[in-house]
Amino acid sequence: MRSSSAFAVYPLILLSIILSILRIAVSEGGFCSAPSILDTDSNSQQLYWKVTNPTLSPSHLQDLPGFTRSVYKRDHALVTPESHVFSPLPEWTNTLGAYLISPAMGSHFVMYLAKMQENSKSGLPPNNVERFIFVVQGHVTYSNVSGINHKLMVDSYVYLPPSLEHSLKCDTSATLVVFERRYAYLENHITEQIVGSTDKQPLLETPGEVFELRKLLPTSMPYDFNIHIMDFQPGEFLNVKEVHYNQHGLLLLEGQGLYRLGDSWYPVQAGDAIWMAPFVPQWYAALGKTRSRYLLYKDVNRNPL
Ligand SMILES: *[C@@H]1O[C@H](CO)[C@@H](O)[C@H](O)[C@H]1NC(C)=O
């Protein structure tokens, strides 16, 4: 047994040592942050880096056979990166694709990731199918028959009306998220090619909500869907617990949070994709330490009847 006087002094010394260690740990940006070679400052500056370099799962579960956060239900699905299966995209050259949402789930559109490799080229969608492409990594060169090229960097996008001949080429590597849908024609309306980038789109009013909203396509009648970019600061959440006739395809580009789909609550992070069928109750709260940003497909401007 220790003498009682020594016993009284040690806790004070110990406490001050522990406090100074804690101060160092906190000032270095995280007491419990898992050590990672790749997760450095330079990466956090690179937009959407986490989409192609996701945290696969908590390290103690990463090697657990059969563990995945992915879920597939009648009215929603969560597809997380450890479940991605890439295979050559038919029609494209040197490009691997992973379909994350398709009509087999009940959607009227597809959403897929396309990984373009060295000297790759896109193929065309089927006739009467419109296409939306958003760059999440690398860059590609877009051109149509006019011969004018556009260099599309991370955060830029292009909308292709149905049956518009076009190509995307890549010399090095690029990752795209692609949406395609059989265009719902309306008499006397046609859509036009649109090239743009998120940072050039104005912030829109969101009455009753706190998130920041940008729309990447015109809201006019010819367009039968739109792509929203929604930003939440940590702690912000949707006010409306939405239930609506529209369907959604979502890719979380940045951040972490909690997604409610029906009666289930899912922790989600950058790189996760979500399918929401019409009328599935849906709600999001941003958590973590950085901004949440997601990209969202939504069908609009057509009578659901
Ligand atoms: C082809 O691209 C050029 C340059 O972006 C554009 O001005 C033109 O309208 C496009 N053609 C069609 C048919 O959309």
Inset, instruction - Take region 189-217 and flag every residue that is closer than 26 Å to V280 by Cα and loosely packed, with under 15 Cβ neighbours inside 10 Å. - result: L204, E205, T206, P207, G208, V210
Inset, instruction - Report, by residue number, each residue of region 159-186 that is without any contact (Cβ under 8 Å) to a residue 60 or more places away in the chain and in a loop (DSSP other than H, G, I, E, B). - result: P161, P162, S163, L164, E165, D171, T172, S173, Y183, Y185
Legend entry - strands (runs of 3 or more DSSP E) lying entirely in region 78-149 (those with 1 or more residues that are acidic (D, E) and away from the ligand (no atom under 16 Å from the Cβ)): 109-121
Inset, instruction - Test L152 against the stated conditions and say whether it is away from the ligand (no atom under 16 Å from the Cβ), touching a residue at least 24 places away in the same chain (Cβ under 8 Å) and among the hydrophobic types (A, V, I, L, M, F, W, C). - result: no
Inset, instruction - Output the residues belonging to region 102-149 that are among the polar types (S, T, N, Q), more than 24 Å from V71 (Cβ to Cβ) and touching a residue at least 12 places away in the same chain (Cβ under 8 Å). - result: Q117, N119, S120, S122, N127, N128, Q137, T141, S143, N144
Inset, instruction - State which residue is farthest from the chain's Cα centre (by Cα) when the search covers only region 273-305 and only residues that are over 30 Å from P222 (Cα atoms) and buried (at least 23 other Cβ atoms within 10 Å of the Cβ). - result: A286
Inset, instruction - Looking only at region 259-288, count how many residues are farther than 16 Å from F237 by Cβ and not in a strand (DSSP E or B). - result: 9
Legend entry - So P218, is it of a type outside the set (S, T, N, Q) and within 16 Å of the ligand (Cβ to nearest atom): yes
Inset, instruction - Give region 209-258 a look and list any residue that's part of a loop (DSSP other than H, G, I, E, B), of a type in the set (A, V, I, L, M, F, W, C) and over 24 Å from P304 (Cβ atoms), or say none. - result: V210, F211
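FYI, it's all coordinate maths here, none of it is from the lab. It should be emphasised that the depicted structure is a prediction, and the values quoted were computed from it without experimental measurement. So basically every Cβ, Gly included, is an ideal-geometry build from the backbone, and we count neighbours across all protein chains shown.
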